[in-house]
Every structure is written in structure tokens, then in C-alpha cells.
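Down below is the structure, laid out as C-alpha cells.
The values are calculated or read from the model by the stated rules, or taken from the named source; none is laboratory data. Quantities reported herein were computed from a predicted structural model and do not represent experimental measurements. Positions of Cβ are generated from backbone atoms using ideal geometry, with glycine treated the same way; all protein chains shown enter the neighbour counts. For accessibility, only protein heavy atoms count, side chains too; no ligands or nucleic acids. Shrake-Rupley method; radii C 1.70, N 1.55, O 1.52, S 1.80 Å.
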Amino acid sequence: MQKTKIAPSLLAADFGNLQRDVEMVNNSVADWHHIDVMDGVFVPNISYGMPVIKAIQKHTTKPLDVHLMIVDPDRYIGTFAELGAAIITVHYEACSHLHRTIQAIKAAGMKAGVALNPHTNINLLEDIISDIDLVLIMSVNPGFGGQSFIENTYEKIKTLKELIQRKNASALIEIDGGVSTENARKLIDAGADVLVAGSFVFKSENPLQTISELKSVADGI
């Protein structure tokens, strides 16, 4: 059985000690660095841009899982490829020509993901699920860290898992928002493969230990 992937969200890291926190994730049992890019248009917040991501990439030894919460993400696909992103996830709600965007991401040598806001129906992925590598279900409203988990997420995961199996697709299911050791196992049981955790990791007393505990709970160890 495939082990759960853990992707700490660097949006919750200490930006005054970013190298330290990146290296902490490097030394942990986490699998990916999750990078939230916000433009202040698609979501009300602004996070970090290319220079910061370039600095992160210099110090990371693990794949960059880049989540674009921006309008017109097509403009930046080549840039993120140059910055070393392994995965680019774009929002269904932000893409007028989603299939073309996915093709462009793959042509640039990266895996392609699609994110869904809490109100967006899983069935909208029916015609494209076989073309994508990852579906990110937002379990909070995008734009800010530290929000409460939306309970309907479990049902969305189950619906998505059924769609993936019915279409004989291979997309991973990633959950972003309000993830903790309290709900990790339930998320995995529902069908999730990747858990993003920001505040829960970086605001804890021992982030390294918290990542390890999250991994163990998710894997039922």
C-alpha cells in the first residue's frame, strides 16, 4: 500500500528564518514542500513571488509542490519550471481553457494538478480526470492559513475517489486546509493520498516531531 505523502506548507513558516525551516522539512519524514502562491486577485491575500521561491529552491532537497492561487496561471508556467517546480496545481475556477493549461504544464516537464474550491463540484472534473496527476481539494476557503476544516471535505474525497476509479485514472488526492493529527487518518480512509499542513506543523513546539506524528497517524502506525 502506498504511504501517505506529507507536504508542509511553507506559507506558515517563519519568513525571518526561511532557510532554517526549509532545512527542517528536508530533514523530516515529509515528502514535498508545499508552496502557496497568491496574487491578491484570485484570493484576497498576497503570499510570495519568484525571488522567494528561487531562494527556497536553492536550499530544498525535496520536490516543490506549487499551488497557484492566481488568475491566468498560464503566463507563469515556464517561470515555475525554471524555478524547479515538480508539480504545478492550478485552480479549476481560474482557468478558461483548463485542458490547454494542463498540456502546457506537462510540456514544461512538470506534473499537473487541479485545485477545487470548497463550493466547486467534483463532477466538473469528469472529462479531464484522466489527464491530471493530482487533484487538490481545498478543505478551507483559499487565501489564508489557520482556518477551520470544512467537514463536507470527507464526502468530496469519497466522490473524487469513485470518479478516479471509474475512469481508471491515477490522479493523487491532496487535501489542503485544517489538516492535523485529529483528522489525518479519517482523510486517508476517505481516499486522500497527500496531506498539506501549514500552521499545524510550523506553529507547533516541535515541527520535526509534528511532521513525524502526522505521517504515523495518516499511515495508521
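Within the stretch 115-128, is there a residue that is at pLDDT below 95, part of a loop (DSSP other than H, G, I, E, B) and in contact with a Leu (Cβ under 7 Å, 6 or more places away or on another chain)?
Looking for residues that are at pLDDT below 95, part of a loop (DSSP other than H, G, I, E, B) and in contact with a Leu (Cβ under 7 Å, 6 or more places away or on another chain), one finds none in the stretch 115-128, hence no.
Exactly one of these conditions fails for G143: (1) over 17 Å from the mean Cα position of the chain (by Cα); (2) crowded, with 16+ Cβ neighbours inside 10 Å. Give me its number.
Tallying (1) over 17 Å from the mean Cα position of the chain (by Cα); (2) crowded, with 16+ Cβ neighbours inside 10 Å, G143 fails exactly one: (1).
Taking the stretch 36-94, which residues are among the hydrophobic types (A, V, I, L, M, F, W, C), within 19 Å of V135 (Cα to Cα), surrounded by fewer than 19 Cβ atoms within 10 Å (Cβ to Cβ) and without any contact (Cβ under 8 Å) to a residue 40 or more places away in the chain?
V71, the sole residue that qualifies.
Among the numbered criteria (1) of a type outside the set (F, W, Y); (2) within 19 Å of V194 (Cβ to Cβ); (3) touching a Ser or Thr at 6+ places or on another chain (Cβ under 8 Å); (4) surrounded by 16 or more Cβ atoms within 10 Å (Cβ to Cβ), which one does P118 miss?
P118 satisfies all of (1) of a type outside the set (F, W, Y); (2) within 19 Å of V194 (Cβ to Cβ); (3) touching a Ser or Thr at 6+ places or on another chain (Cβ under 8 Å); (4) surrounded by 16 or more Cβ atoms within 10 Å (Cβ to Cβ) except (4).
Where the second residue is among the aromatic types (F, W, Y) and open to solvent by 40 Å² or more (accessible area, probe 1.4 Å) and the first is in a helix (DSSP H, G or I) and lies in the stretch 202-217, which pairs have Cβ atoms under 8 Å and are six or more apart or on separate chains?
Sorted first by the residue in the stretch 202-217, then by its partner, the pairs are T210/F200; L214/F200.
In the stretch 185-197, what count of residues is obtained for those that are surrounded by 23 or more Cβ atoms within 10 Å (Cβ to Cβ) and touching a residue at least 60 places away in the same chain (Cβ under 8 Å)?
5
So that you can scan it fast, the table gives a plain yes or no per residue for (1) assigned to a loop (DSSP other than H, G, I, E, B); (2) in contact (Cβ under 8 Å) with a residue 60 or more places away in the chain; (3) farther than 23 Å from F202 by Cβ:
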position	(1), (2), (3)
A112	no, no, yes
G143	yes, yes, no
F149	yes, no, no
I157	no, no, yes
L160	no, no, yes
L163	no, no, yes
I175	no, no, no
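Restricting attention to the stretch 162-182, and to residues there that are surrounded by 14 or more Cβ atoms within 10 Å (Cβ to Cβ) and over 17 Å from the mean Cα position of the chain (by Cα), which single residue is farthest from H67 (Cα to Cα)?
If we take residues in the stretch 162-182 being surrounded by 14 or more Cβ atoms within 10 Å (Cβ to Cβ) and over 17 Å from the mean Cα position of the chain (by Cα), then K167 is farthest from H67 (Cα to Cα).
I'd like to verify a number: residues in the stretch 8-62 that are under 25 Å from S216 (Cβ atoms), part of a loop (DSSP other than H, G, I, E, B) and of a type in the set (V, I, T), how many?
Qualifying residue count, the stretch 8-62: 3.
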